[in-house]
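Structure first, then comments.
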There are 2 protein chains.
Amino acid sequence: MKVSAQEEYGLRCLLQLARLSPGESLTLGQIAEGEGISQANAGKLMWLLNKAGLVASTRGTKGGYALARSAEEIHLSDIIKVLDEDMLEGHCKSYTGLQEICVHTGDCGIRPVLISLHEIVQSALERITLAQLTDTESNVDQALYQIHVGMSRGVARDIPSPKHVRS
Amino acid sequence: MKVSAQEEYGLRCLLQLARLSPGESLTLGQIAEGEGISQANAGKLMWLLNKAGLVASTRGTKGGYALARSAEEIHLSDIIKVLDEDMLEGHCKSYTGLQEICVHTGDCGIRPVLISLHEIVQSALERITLAQLTDTESNVDQALYQIHVGMSRGVARDIPSPKHVRS
DNA sequence: GGCAATCCTTACTTTTAAGTCAAGATTGCA
DNA sequence: TGCAATCTTGACTTAAAAGTAAGGATTGCC
Ligand code: FES
Ligand code: FES
């Protein structure tokens, strides 16, 4: 289970835009430089995000990118849905081995695991907005830690020790 | 965020072994056939799991694979750790763009997100054993749903409606 | 209108993950 | 002992993701 390059870089680019003052915008070149990636690569990412309606682009000289809505209204789940193309396109549509369809026709013990896992991740991402990430790292970390603790309460035993977070 | 082929197939192979009666074992050919994958591919997966100490192999005729410990003692988190090689090898060790090291030297808003996400997934997987997955799909689904609801209590508002689960 | 800055789009190349192959090693059995 | 069944291992091939390149389209400014 891992975060793809597209997801991570896309998120990072959006975070740059979220830090702008209202009315400001960034060009592809600026975004690329800000993340240390090529302009071509940044272009592809912004194209995806634009197509999905998360950012607004202006063409021509003086053009650039800005968030399409305020950072408070953009949840990480929205972003990941866009950048992770085939997110859960039905379990066993993808990994079917040699056959056309999965061998586990009826009863499958894996399916609920993958589905639930996906929902759990989605639940967590829905609780975080882009705006929250513009804070300092230690504050972001603390907020995230609260979500984890919150999610794990009720079934909880052992929450991993807080990392950078002072209780 | 997605589950890799190795993770899924590996988990499925292990699940076959978990369904065996004590003392029984399966050969590579049987495992491969059971999942609809090639024997070569199954061999590679079992090799990984064997190296990690999750399964025990016997060589020679009458050989085969069995779980190294009881299915009740194997948590999904153990399995995923083995099959997902470079799981979280430090944020920004992998995606460094064009530079050698990440541009976000000090303060980073993304890092806590990735770390927390990883911990949340891990928390969920630690609560599920292989043995639980040998039940019928609807029972597994119900058990998993309980974990999700449990995790989301406290911060919760909107839990996605139960799917196959009757309340 | 013309030019420069910028975004848009498609096709291509590179890199990485996934899967295959073939030769070797170990065991059980006759 | 010799053979057949099985796992082991590393190198190889193929498929998918990531990243690049190049030309087209739109806008603002003079
Ligand atoms: S339906 Fe294919 S493994 Fe679950
Ligand atoms: S340290 Fe590189 S993006 Fe966070």
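The values are calculated or read from the model by the stated rules, or taken from the named source; none is laboratory data. Remember, it's a predicted structure, so these values are computed and weren't measured experimentally. Cβ coordinates were reconstructed from backbone atoms using ideal geometry, including for glycine residues, and neighbour counts include every protein chain displayed. Heads up: the accessible areas ignore ligands, DNA and RNA and are worked out on the full protein's heavy atoms, side chains in. Shrake-Rupley method; radii C 1.70, N 1.55, O 1.52, S 1.80 Å.
Taking a probe of 1.4 angstrom, what is the accessible area of A:LYS51 in Å², to the nearest 10?
Accessible area, nearest 10 Å²: 140 Å².
For the interface of chains A and B, what total accessible area is buried with a 1.4 Å probe, rounded to the nearest 100 Å²?
Values: alone 11130 and 11100 Å², together 16130 Å².
Chains A and B together bury approximately 6100 Å².
Report A:LYS81's accessible area, 1.4 Å probe, all protein chains in place, as a number in Å² to the nearest 10.
The accessible area comes out at roughly 110 Å².
With a ≥ b ≥ c taken as the square roots of the eigenvalues of the C-alpha gyration tensor of the range A:1-40, please select rounded if a/c is under 1.5 and otherwise prolate if a/b is larger than b/c or oblate if it is not?
Details: a/c = 3.42, a/b = 1.56, b/c = 2.19.
Verdict is oblate for the range A:1-40.
Contact order normalised by length for the range A:5-134, with contacts defined as Cα pairs under 8 Å and 6 or more residues apart; what percent is it? Before the final figure, lay out each step's value.
On the way: 132 pairs, mean separation 37.6, N = 130.
Dividing the mean separation by the residue count of the range A:5-134 yields 29 percent.
List the residues of the range B:25-50 that lose 10 Å² or more of accessible area once all protein chains are present, compared with their chain alone (1.4 Å probe, heavy atoms only, no ligands or nucleic acids).
With the partner chains in place, the range B:25-50 has these residues losing at least 10 Å²: B:GLY34, B:GLU35, B:GLY36, B:ILE37, B:SER38.
Give the peptides B:136-144, B:53-61 in descending order of average Cβ contacts within 10 Å, highest first.
Values: B:136-144: 18.2, B:53-61: 13.1.
Top of the packing list down: B:136-144, B:53-61.
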